[in-house]
Amino acid sequence: MIVVIGLACVVLGLVIYYSLWHSGKSKLKFGILVNEGPYQHQSADSAYQFTKAALENGHEIFRVFFYHDGVNNGTRYAIPPQDDRNITELWSALQEKYKLDLVICIAAAQRRGILDENEAKRQGKDGDNIAPGFRISGLGQLIEAGIESDRVVSFGD
Amino acid sequence: MAILHIVNKSPFERNSLESALAYAKKGSGILLIEDAVYAASGKTKFADAVKACVGDVKVYVLDPDYQARGLGEVAVVDGVEAVDYKGFVDLVAQFETTQSWL
């Protein structure tokens with residue numbers, strides 16, 4: 001009797017261990033690269049929809065990195081018409097909900113006039129325009145996303 | 001290595017689909033998104049090239065983008081599988097790596 005119970009425990013233990021291992025395995029860490037702004041092509045929307053779907057299905061987004069014209073996703077001064085989607089606000093809302101790391105490339109941002117408070121001060125500009133939930137940093141953050149993520153998916157033109 | 005090739009431009013605009021079809025090895029996948037979904041429609045001159053590829057390579061089309069272009073009534077090329085954004089995420093997880101043909 002004791003042997004039977006013991007065996008049953010071992011089998012149950014293995015089943016639980018396997019299912020935990022398997023469920024952990026199927027959830028991945030994604031890095032997202034966005035190379036295009038909101039108004040030239042569809043890629044910013046594709047990146048947003050992909051990121052949202054990944055989060056809703058239990059995956060982790062290690063970082064979303066905005067590069068080239070992609071930095072235009074992160075200005076809070078853009079005012080699209082009311083019947084148009086506001087991709088910047090969508091990113092900010094997603095960031096708030098899931099505590100996403102939204103990183104804007106500094107060199108690409110400076111060329112295009114995207115500044116946070118520190119950069120505005122450092123460059124002697126009279127204001128900043130970065131959207132809530134975004135931060136400005138360097139290309140190393142993209143490299144790190146490549147190293148730390150299970151998959152990196154690029155969106156662009 | 002099983003790669004998911006992600007193509008996002010219409011074959012009428014660029015040759016990225018042609019390149020992806022040529023480079024894709026047996027067992028890999030091609031996902032058509034954005035304007036590349038036109039290639040999934042059975043009614044363009046690219047239908048035969050896509051059809052010839054199906055089998056060795058699995059071809060998928062992002063259905064929200066297909067529908068958004070008014071192609072909902074047009075049957076896709078035989079063997080092409082329609083996926084939603086969740087399916088897109090699942091494919092990226094399923095293949096070892098992805099290549100966006102930007």
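The numbers here are math on the coordinates, done by the rules we state, and not lab data. For clarity, every value in this text was computed on a predicted model and none was experimentally measured. Note: ideal-geometry Cβ built from the backbone for every residue, glycine included; neighbour counts use all protein chains shown.
Observations on the model:
- Taking a straight line from the alpha carbon of B:Lys45, these lysines sit under 20 Å away, with near neighbours fewer than eight places off in the same chain left out: B:Lys9, B:Lys58.
- Dipole magnitude for segment B:3-99: about 240 debye, using +1 per Lys or Arg Cβ and -1 per Asp or Glu Cβ, origin at the Cα centre.
- Compared with the alpha-carbon gap, the fully stretched path from A:Lys99 to A:Ile143 is longer by 13.8 nm at 0.36 nm per residue.
- Distance between modelled label sites at B:Ala49 and A:Lys29, nm, 7 Å Cα→Cβ extension: 3.9 nm
- Gyration tensor (alpha-carbon) shape descriptor, the protein assembly as shown, a/c threshold 1.5: oblate
- Stretching A:Lys121 away from A:Arg76 to a fully extended chain increases their span by 14.4 nm, per 0.36 nm per residue minus the current alpha-carbon distance.
- Taking other residues whose beta carbon is less than 9 angstrom from the beta carbon of A:Phe134, and scoring Lys, Arg as +1 and Asp, Glu as -1, yields +1.
- Anchor A:Lys29: aspartates and glutamates whose Cα lies under 15 Å away (excluding residues fewer than 8 positions away in-chain): A:Glu56, A:Glu60, A:Asp101, A:Glu144, A:Glu148, A:Asp150, B:Asp90, B:Glu96
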